[in-house]
Structures are given as C-alpha cells and as structure tokens.
Amino acid sequence: MVKYIFVTGGVLSSVGKGILTSSIGKMLQARGLKPTVVKIDPYVNIDAGTMNPYMHGEVFVTDDGGETDLDLGWYERFLDLSLKQENNLTTGTVYRSVIEKERHGDFLGRCVQIVPHVTNEIKNRIKNVGKNSDVDVVLTEVGGTVGDIEGLPFLEAIRQMRVEEGYENTLYVHVALVPILDVTGEMKTKPLQHSVNELRRIGIQPDTIVARSPKMIDAETLRKIALFGTIPESAVFCSDNAETVYEVPLVLDNQGMGDFICRRLGLKYKSKDFSTWQKYVDAMINPDTEIKIALVGKYAGLTDSYVSMTEALRHGGAACRTKVCISYLEAENFERVPESVSELSKYDGVFVPYGFGPRGTEGKIAAIKYARENDIPFLGICYGFQLAVIEFARNVCGLTDANSTEINPETPYPVIDLMPEQRGIEIKGATMRLGAHKVVLKKDSLAYELFGQEVIYERHRHRFEVNLDYIEALKDKGLSFTGKSSDGRRMETLELPDKFFYFASQFHGEFKSRLGKPSPEYYGFIRGCVNRKLGNRNGSLS
Ligand code: GLN
C-alpha cells in the first residue's frame with residue numbers, strides 16, 4: 001500500500017516548501033523507506049520550458065527530457081532520484097488531457113466539469129506516479145500558496161484523496177512563515193493561523209505544521225500554533241535558517257518529525273542512518289578552505305536562475321571540504337567597462353553558465369579570454385561551452401568575428417550553428433535537444449579522468465552546436481574535443497590540456513549532481529581552483 005504525503009504552503013511563496021518536501025523524503029530514506037515526489041505547479045503552462053528564468057528561476061531538465069520546475073532539482077539532489085516528466089504536474093498538462101479525452105468522446109453525453117473530471121485526472125496522475133515507481137511513499141508538493149485561485153482544483157483533489165485512500169494512508173503537512181518583528185523581536189503566528197484557516201475552509205485539516213522562521217520557535221509560539229492549528233504540540237515543527245539547506249532534514253528529524261510521520265502513517269523501519277549525509281553536511285559547515293568563484297552570467301540578479309549550477313559547485317566543494325563563495329557577475333558590465341574584466345584576477349575560478357540570445361555574450365567571451373590567458377581555472381556549461389569555442393576561434397585561430405548564428409546570423413565564421421534537425425522548427429515548447437544523451441569520452445583526457453568511464457549519459461538543453469567545418473582549425477591550435485556523441489558528429493566536451501583547469505561541456509553536468517555524488521566536471525573544477533590557490537598543480541583532493 002502506497003502512502004501519500006501532501007505538502008501545502010501558506011502566507012507567501014518561496015517559503016521553502018521544496019526543501020521541506022525534499023527533507024521529508026530524506027528522513028524517510030534514512031529509515032530505509034523509498035519515497036518519490038510529485039510537484040504540482042498550478043500555472044497554465046504545459047511545462048516550465050518556455051518561462052523566463054529571470055522570473056521563474058531555472059528550468060530543470062530530467063533524464064527523459066522534461067523541462068520542469070526547479071523543485072524537481074531539489075528532490076533529485078536530496079534523494080538521488082531520477083525523476084520523470086510525469087513527476088511535474090501543471091494546470092496545462094491536466095487540462096490538456098481532460099480536453100483531449102473530451103474530444104475523443106471519453107465523456108460522451110456528459111458535461112465535463114472541474115469536479116469530478118479535472119480532479120479525477122489530478123488524482124490519477126498522482127497515483128500513477130506511485131504505481132510506476134515502486135515506492136513506499138508519494139510526496140506531493142502543491143506549488144503556490146493556499147488560497148490561490150489556480151491552486152483550488154489541486155487542493156480539492158488532494159482533499160478527496162484522504163477519503164479514497166484512508167486516514168492512515170494520507171498525511172497533510174502545512175508549512176507557513178512565522179516572521180519575527182524587527183521592532184519587538186516577537187514571533188508572529190497570525191499569518192500562519194490565517195493560512196491554516198484558509199486550508200480548513202477548503203476542507204483540509206493539516207496533520208502537522210512546520211513553522212518556517214528565521215529562529216527556532218519558542219515554547220509559547222509552538223503552543224499557540226498547536227492550539228490554533230488543532231493539532232498536538234508534538235505535531236508542530238520548525239525549520240529555522242540553517243547554515244545550509246542540506247541541514248534541514250537533520251534539524252527536523254532531531255525535533256522528531258521523521259518519527260512522527262512514520263508513526264502516523266504506520267511506516268515500519270528497522271533503523272535510522274544519517275551518517276553519510278551528516279558527513280557531507282559537516283564538510284559544508286566546517287570546511288578546510290575557501291575559494292571564490294566568479295559566475296559570469298546574464299540572469300545574475302536572480303540566483304534561482306542558476307540554482308542547479310550553484311548547488312553542483314557546492315557539491316564539488318563539499319567533496320573537497322571547501323567552502324565555495326560565488327559572486328554572480330553581470331556579463332554586460334564587462335562590455336560597458338572592458339578593463340573591469342581584470343577584476344576576475346581576484347577569483348580562484350571563472351564559471352560561465354547556460355544562456356540564450358545575444359545579451360551579455362561579449363562580456364562572457366571577454367571573461368573566458370581573461371581566464372584562458374591568465375590560467376584561471378575555467379568551467380563552461382552549454383552556452384559557456386559554445387562561447388569558449390567562439391573565444392578560441394577569434395583569439396587563437398584568428399577567425400575575426402567568429403560567432404554563433406544564434407548571436408550573429410551574418411558572422412563570417414559560424415563556429416557554432418543550429419543543429420540540422422532544428423532547422424524549420426517554429427514551435428518553442430519542448431523542441432530543443434533535451435534530456436539524457438550518450439557521450440563517448442576519449443581515453444587519456446581530462447574528461448575521462450574526471451568521469452572515470454568511456455561512456456556517460458548527461459542531460460542536454462540546446463539548439464546550437466559546434467560547426468564541424470571548423471573542428472580541424474580549432475584542433476590545430478590545441479583545442480581538444482574529448483567528448484563526442486556516439487556518431488562522433490556532436491562535440492560534447494572541450495579542454496586545453498596545458499592549462500591548470502580549462503574544461504567545458506555542451507551538456508549540463510549540474511542536473512545529475514548530488515550532495516555526496518558531485519558532478520565530475522564541477523568536482524574537477526573546484527579541485528582545480530583549490531589546487532591553484534594552494535599552488536599544487538597536480539594535487540588530488542577527495
Ligand atoms: N543558446 C544555446 C543553444 O540553444 C545554449 C543553450 C544553453 O545554454 N542551455 O544551443
């Protein structure tokens with residue numbers, strides 16, 4: 001019998017529901033139980049693929065090519081799962097299938113309604129994830145805030161699931177902000193009380209409440225939350241500002257949340273083991289050393305745009321017992337004030353992330369040039385990889401004005417060009433080269449040393465690629481393409497072997513990076529940065 005845990009949020013969004021949901025999963029995993037997670041995004045888009053990362057944060061890519069909400073990234077990083085498109089539900093996907101069924105005649109003769117047709121579709125999708133993935137528990141996180149108009153059908157569906165699946169098989173977790181007033185230093189539970197009331201109005205009585213607060217709640221606040229929430233005090237927990245988000249499962253488990261959930265759902269387990277997780281959390285909290293990374297990007301104002309990348313850098317850091325301090329630099333600033341690129345000399349590493357369109361590309365190219373010429377460790381991902389090719393073509397191969405046709409369609413040297421299968425595609429949703437693809441690595445390369453095997457599968461999200469017409473020219477000047485697609489026609493990794501660390505990939509290693517299992521390219525980069533800082537060229541860290 002699969003058990004269902006539903007996580008809702010109150011007061012305001014971005015209160016840490018994704019981390020809480022992942023942490024509940026971790027508490028279950030530490031007890032040998034198997035969870036999976038569904039994220040509900042009540043927006044009308046079919047997926048996150050067409051949304052601007054500046055407004056919504058990054059688009060997370062799954063092995064099966066889903067362009068999903070970034071919370072799936074948190075679930076994967078915490079729980080080391082490989083989730084699928086079906087683990088992300090939106091109003092768009094739900095309505096699309098209901099409407100397709102209506103057109104098909106599946107509801108012939110009937111009036112198609114939100115209850116029961118849309119709610120049935122939602123429930124079936126949640127249950128199917130449970131059936132398809134051989135798990136003990138399906139965690140479902142409802143995005144947005146309780147009371148949002150677009151969230152109502154989803155809340156109604158999870159309300160019905162209590163009736164259908166039974167009290168002993170379902171659990172409602174509500175998380176809400178408990179702010180502390182600057183003036184009096186007092187913890188305020190009123191907003192939380194209101195969001196619990198809103199939830200009840202819809203017919204859901206939470207079984208447990210998590211107060212998200214800057215500080216651990218005091219006994220008085222806990223009593224109040226229990227009283228107004230109509231739950232025992234033993235069912236109230238607090239997630240305060242932790243040193244790192246990876247500490248949250250430990251913080252909550254110490255308060256007894258894991259035991260509470262297992263008792264309440266009748267989940268049996270023999271023992272509990274957080275030791276490996278704890279080891280990496282300790283490495284993050286008590287590092288041996290510290291490095292500074294310049295992330296030269298286009299969406300630098302919203303760090304959620306780069307969350308998987310940031311976390312992969314931190315995972316690399318934890319594996320090297322190194323604190324990774326990231327500065328998010330706007331690439332355009334290097335265009336406005338070209339000399340300012342020399343500020344990169346203050347950093348131990350330069351990182352150029354993914355991106356789309358022309359804005360900021362010249363600034364990124366200037367940063368890559370600076371890193372290459374000054375032998376500052378460099379890692380480029382996707383656009384970062386493509387821009388490294390352009391920089392090398394221009395400044396080493398002498399191909400003046402070389403570019404990507406994405407940036408300048410008239411360039412005399414289109415070293416990066418649209419993939420042939422992308423020509424003629426007008427539709428924007430889910431049409432890039434997406435998801436896990438096979439990459440073959442050359443032996444005796446940095447890529448092979450890092451990944452430790454010849455064949456790897458890494459996730460992709462792009463339309464452009466290295467133009468094969470320029471491979472020889474680039475190779476002649478020393479740029480090594482050490483990873484390729486299985487037919488050898490698609491360049492996947494590049495490196496400059498005589499540099500301290502200079503590596504870039506067309507794929508996105510960050511999507512498969514986990515705490516304790518860092519993406520090899522990110523780990524290698526951090527190791528390179530630390531070694532350079534410590535002055536040991538061939539030092540190995542682990
Ligand atoms: N804009 C580039 C492309 O579409 C790179 C995409 C990316 O960085 N994810 O190929």
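The values are calculated or read from the model by the stated rules, or taken from the named source; none is laboratory data. If you're wondering where the values come from, they're calculated on a predicted model, not measured in any experiment. Methodologically, a virtual Cβ is constructed for each residue, glycine included, from the backbone with ideal geometry; neighbour enumeration extends over all protein chains shown. These accessible areas exclude ligands, DNA and RNA; they are computed on the full protein's heavy atoms, side chains included. Shrake-Rupley method; radii C 1.70, N 1.55, O 1.52, S 1.80 Å.
If DNA, RNA and ligands are ignored and the probe is 1.4 Å, what is the ranking of Glu449, Glu165 by accessible area, most exposed first? The partial results should precede the final answer.
Working: Glu449 100, Glu165 30 Å².
Final ranking, largest accessible area leading: Glu449, Glu165.
Would you please give the residues with an amide H less than 5 Å from that of Gly435, counting only those at least 5 places away or on a separate chain, with H modeled from the backbone geometry?
Placed amide hydrogens put Gly65, His460 under 5 Å from Gly435.
Quick query: amide H of Val415 versus all other amide H atoms, modeled in the peptide plane; which residues come in under 5 Å with a sequence gap of 5 or more or a different chain?
Residues meeting the amide H criterion: Asn403.
Per the helix-only calculation at 222 nm, which mean residue ellipticity applies to the chain, given -39500 (n - 2.57) for every DSSP H run of n ≥ 4 and division by its residues, nearest 500 deg cm²/dmol?
Values: 18 runs with 190 residues, N = 542.
Computed ellipticity for the chain at 222 nm equals -10500 deg cm²/dmol.
I need to check one value: relative contact order of segment 95-181, counting alpha carbon pairs closer than 8 Å and at least 6 residues apart, in percent. The partial results should precede the final answer.
Details: 34 pairs, mean separation 20.7, N = 87.
Over segment 95-181, the number comes to 24 percent.
Let me have the relative contact order for segment 286-336, percent, based on Cα pairs under 8 Å that are six or more residues apart. Intermediate results must be reported in sequence, preceding the final value.
Working: 60 pairs, mean separation 29.9, N = 51.
Value for segment 286-336: 59 percent.
Can you compute the modelled spin-label distance between Glu220 and Ile99, with each label point 7 Å from Cα toward Cβ, in nm?
5.4
State whether segment 220-293 is rounded, prolate or oblate according to the following rule on the C-alpha gyration tensor (a ≥ b ≥ c being the square roots of its eigenvalues): a/c under 1.5 gives rounded; otherwise a/b larger than b/c gives prolate, and the remaining case gives oblate.
On the way: a/c = 4.20, a/b = 1.60, b/c = 2.62.
Taking the square roots of the gyration eigenvalues as a ≥ b ≥ c, segment 220-293 is oblate.
Any chance you could look up the accessible area of Leu12 with a 1.4 Å probe, heavy atoms only, rounded to 10 Å²?
We get 80 Å² for Leu12.
Using the Kirkwood formula on the Cα atoms of segment 326-428, what hydrodynamic radius do you get, in angstrom to one decimal?
Working: mean 1/r = 0.0702 Å⁻¹.
The Cα-based Kirkwood calculation yields 14.2 Å.
Which three extents, in whole angstrom, do the alpha-carbon atoms of segment 261-376 cover along their principal axes, largest first?
Cα extents, longest axis first: 62, 32, 17 Å.
Counting heavy atoms of the protein chains only and a 1.4 Å probe, report the per residue accessible area for the chain as a whole number of Å². It would help to have the intermediate numbers written out before the result.
Working: 21920 Å² over 542 residues.
Counting only protein heavy atoms, the per-residue value for the chain is 40 Å².
Carbon and sulfur: what percent of segment 77-127's accessible surface (1.4 Å probe)? Don't jump to the answer; show the numbers that get you there.
Details: 1410 of 2700 Å².
Whole-percent figure for carbon plus sulfur exposure: 52.
Quick check: at a probe of 1.4 Å, how many percent of the accessible area of segment 137-218 sits on carbon and sulfur atoms? Intermediate results must be reported in sequence, preceding the final value.
Working: 1840 of 3310 Å².
Carbon with sulfur: 56 percent of the solvent-accessible area.
At R0 = 25 Å, how high is the FRET efficiency between Glu449 and Cys325 if r is their beta carbon distance? Nearest 0.05 is fine.
Working: r = 26 Å, r/R0 = 1.05.
My answer for the efficiency is 0.45.
Would you work out which of Leu329, Tyr347, Gly166 lies farthest towards the positive end of the dipole of the chain? Charges go on Cβ: Lys and Arg +1, Asp and Glu -1.
So the residue we want is Gly166.
Among the listed pairs Lys84/Lys270; Lys39/Lys484; Lys443/Lys477; Lys34/Lys279; Lys438/Lys475, give every one whose C-alpha distance is greater than 25 Å. Intermediate values should be presented prior to the final figure.
Numbers: Lys84/Lys270 30 Å; Lys39/Lys484 34 Å; Lys443/Lys477 20 Å; Lys34/Lys279 21 Å; Lys438/Lys475 23 Å.
Exceeds cut-off: Lys84/Lys270; Lys39/Lys484.
Quick one: dipole size for the chain, taken about the Cα centre, charges +1 on Lys/Arg Cβ and -1 on Asp/Glu Cβ, in debye to the nearest 20.
Details: 66 positive and 72 negative charges, 243 e Å.
Dipole size: approximately 1160 debye.
For segment 336-396, what mean projected area does the convex hull of the alpha carbons give, in nm²?
Working: hull surface 15.8 nm².
So the Cα hull casts an average projection of 3.9 nm².
Just to confirm the filter: which GluC sites (Glu not before Pro) across segment 211-249 are DSSP coil and have at most 12 other Cβ within 10 angstrom of their Cβ? It would help to have the intermediate numbers written out before the result.
Numbers: sites: Glu220, Glu233, Glu243, Glu247; in loops: Glu243.
Counting only loop positions with at most 12 other Cβ atoms within 10 Å, the GluC sites (Glu not before Pro) in segment 211-249 are Glu243.
Leaving out ligands, DNA and RNA, what percent of the accessible area of segment 405-462 is carbon and sulfur, probe 1.4 Å?
Values: 1540 of 3060 Å².
Looking at segment 405-462 in its full context, I get 50 percent from C and S.
Treating the beta-carbon of each Lys and Arg as +1 and of each Asp and Glu as -1, no other charges, what is the dipole magnitude of segment 141-196 about its Cα centre, to the nearest 20 debye?
Working: 4 positive and 9 negative charges, 46 e Å.
Approximately 220 debye in magnitude.
Quick one: in segment 418-520, what % of C-alpha pairs are over 15 Å apart? Intermediate values should be presented prior to the final figure.
On the way: 3426 of 5253 pairs.
I get 65 percent for the Cα pairs in segment 418-520 exceeding 15 Å.
For the chain, find the longest principal axis of its Cα atoms and tell me its angle to the long axis of helix 383-395, 0 to 90°, nearest 10.
Result, in degrees: 10.
Per residue and in cubic angstrom, what volume does the convex hull of the Cα atoms of segment 129-263 have? Don't skip to the end; give the middle numbers.
Numbers: hull volume 18.0 nm³, N = 135.
Spelled out: Cα convex hull of segment 129-263, divided by residues, is 133 Å³.
When the Cα centres of segment 454-519 and segment 203-230 are compared, how far apart do they sit, in Å?
Going from one Cα centre to the other spans 49 Å.
If contacts are Cα pairs under 8 angstrom and at least 6 residues apart, what is the relative contact order of segment 149-243 in percent?
Result for segment 149-243 is 26 percent.
May I ask for the Kirkwood hydrodynamic radius of segment 1-143, worked out over all distinct Cα pairs and given in angstroms to one decimal?
Numbers: mean 1/r = 0.0629 Å⁻¹.
With all distinct Cα pairs of segment 1-143 included, I get 15.9 Å.
Roughly what % of DSSP beta bridges within the chain run antiparallel, to the nearest 5?
Working: 25 of 76 bridges.
Beta bridges within the chain, antiparallel portion: roughly 35 percent.
What would the Debye equation give as log₁₀ I(q)/I(0) for segment 396-476 at q = 0.16, 0.21 Å⁻¹, counting only Cα atoms as equal point scatterers?
Reported log10 I(q)/I(0), two decimals: -0.83, -1.08.
Bin width 10 Å, alpha-carbon pairs only: give the P(r) of the chain as whole percents, running from 0 to the bin holding the largest distance.
Calculated P(r), rounded to whole percents: 4, 18, 26, 24, 17, 10, 2, 0.
If you add up the charges near Ser82, with Lys and Arg at +1 and Asp and Glu at -1, over every other residue whose beta carbon is less than 14 angstrom from its beta carbon, what do you get? Intermediate results must be reported in sequence, preceding the final value.
Values: positive: Lys34, Arg77, Lys84, Arg459, Lys512, Arg514, Lys517; negative: Asp63, Asp64, Glu76, Asp80, Glu86, Asp134, Glu458.
Combined, the nearby Lys, Arg, Asp and Glu give 0.
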